[in-house]
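A.B. asks: The structure that follows is given in the form of structure tokens.
The values are calculated or read from the model by the stated rules, or taken from the named source; none is laboratory data. Computed from a prediction, not measured in an experiment: that's the story for all the values here. In this analysis, Cβ positions are derived from the backbone assuming ideal geometry, glycine residues included, and neighbour counts consider all displayed protein chains. Heavy atoms of the whole protein, side chains included, go into the accessibility calculation; ligands, DNA and RNA do not. Shrake-Rupley method; radii C 1.70, N 1.55, O 1.52, S 1.80 Å.
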Amino acid sequence: MHVFGNVSPAILEEIQERLHAQETSPVLRAAPARSSIAHPQSTDLEKALRPGLEASEFQHHIRLLHPQTGDGFEYDFWRACDGVALEVMGYRADDEIYKDILKFHVHEGTRVGVVLVPRYKWISARRTDTNYSATLKALAFANSFMNVDALIAFAYDWEAMEEAQMWRFSLVYPQ
């Protein structure tokens with residue numbers, strides 16, 4: 001986990017505890033895999049995290065409006081009481097992170113932007129640390145101009161379970 005900016009220790013601890021509580025839950029990959037690495041998609045992880053996060057007052061896929069254009073957008077999870085937005089990133093996190101950073105910036109109610117990002121990117125059955133390192137680089141740049149109090153990155157990885165198409169996600173703490 002990396003924190004850019006200032007976040008209440010209580011908020012940070014609660015998010016971390018809520019994510020840790022979900023680590024034992026199996027995650028089913030709903031769509032057929034397009035590669036030899038059949039990790040679940042970000043939407044599969046969202047579905048698995050939803051009950052635990054909703055128990056902490058997060059709303060799933062709440063529709064928000066851009067303050068200048070009126071265009072709609074969504075956060076994967078949003079908690080209005082303290083302005084915490086959580087985005088679950090998938091295998092293309094290194095490309096998609098900028099879009100989520102901008103959503104955190106334009107929504108006036110957002111105080112803390114959280115990204116849950118796969119530690120590795122798998123290309124041709126080979127892993128690279130591109131996802132997490134690109135996310136940290138983007139958050140570090142964004143921290144200097146963001147309209148939020150904090151940006152937080154949590155890395156995760158997958159472990160195959162014995163059941164077909166079932167996976168367990170776990171938080172990892174790369175250096």
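A.B. asks: Can you tell me which residues in the range 38-47 are surrounded by fewer than 21 Cβ atoms within 10 Å (Cβ to Cβ) and within 22 Å of ALA80 (Cα to Cα)?
C.D. replies: Residues satisfying the conditions are THR43, LYS47.
A.B. asks: If you don't mind, there's one more thing I want to ask. Kindly check whether there is at least one residue in the range 63-77 that is under 17 Å from ASN131 (Cβ atoms), at pLDDT 90 or above and not acidic (Asp, Glu).
C.D. replies: no
A.B. asks: Test of understanding: among ARG50, ARG29, ARG34, which residue is modelled with pLDDT under 90 and either over 16 Å from TRP158 (Cα atoms) or surrounded by fewer than 14 Cβ atoms within 10 Å (Cβ to Cβ) (or both)?
C.D. replies: One residue alone meets the criteria, ARG34.
A.B. asks: Still on this structure, I have one more. Collect the residues in the range 89-102 that are within 22 Å of SER8 (Cβ to Cβ) and either of a type in the set (A, V, I, L, M, F, W, C) or modelled with pLDDT of 90 or more (or both), keeping them in residue-number order.
C.D. replies: Once the filter is applied, which keeps residues that are within 22 Å of SER8 (Cβ to Cβ) and either of a type in the set (A, V, I, L, M, F, W, C) or modelled with pLDDT of 90 or more (or both), the range 89-102 yields only ILE101.
A.B. asks: Tally up the residues in the range 115-128 that are under 16 Å from the mean Cα position of the chain (by Cα) and either more than 14 Å from ALA153 (Cα to Cα) or modelled with pLDDT under 85 (or both), please.
C.D. replies: Qualifying residue count, the range 115-128: 3.
A.B. asks: Quick test of your reading of the structure: GLU163 fulfils all but one of (1) closer than 15 Å to GLY113 by Cα; (2) open to solvent by 60 Å² or more (accessible area, probe 1.4 Å); (3) part of a loop (DSSP other than H, G, I, E, B). Name the failing condition by number.
C.D. replies: It is condition (1) that GLU163 fails.
A.B. asks: Could you grab the pairs with beta carbons closer than 6 Å, sequence gap of 6+ or different chains, first residue in the range 133-154 and open to solvent by less than 10 Å² (accessible area, probe 1.4 Å), second one in a loop (DSSP other than H, G, I, E, B)?
C.D. replies: ALA150/ASN6; ALA150/VAL7; PHE154/MET1
A.B. asks: Follow-up question, since we're still on this one. Looking only at strands (runs of 3 or more DSSP E) that fall completely inside the range 33-92, which ones have 1 or more residues that are acidic (Asp, Glu) and either within 18 Å of GLN16 (Cα to Cα) or without any contact (Cβ under 8 Å) to a residue 60 or more places away in the chain (or both)?
C.D. replies: Per the criteria, 72-74, 84-88.
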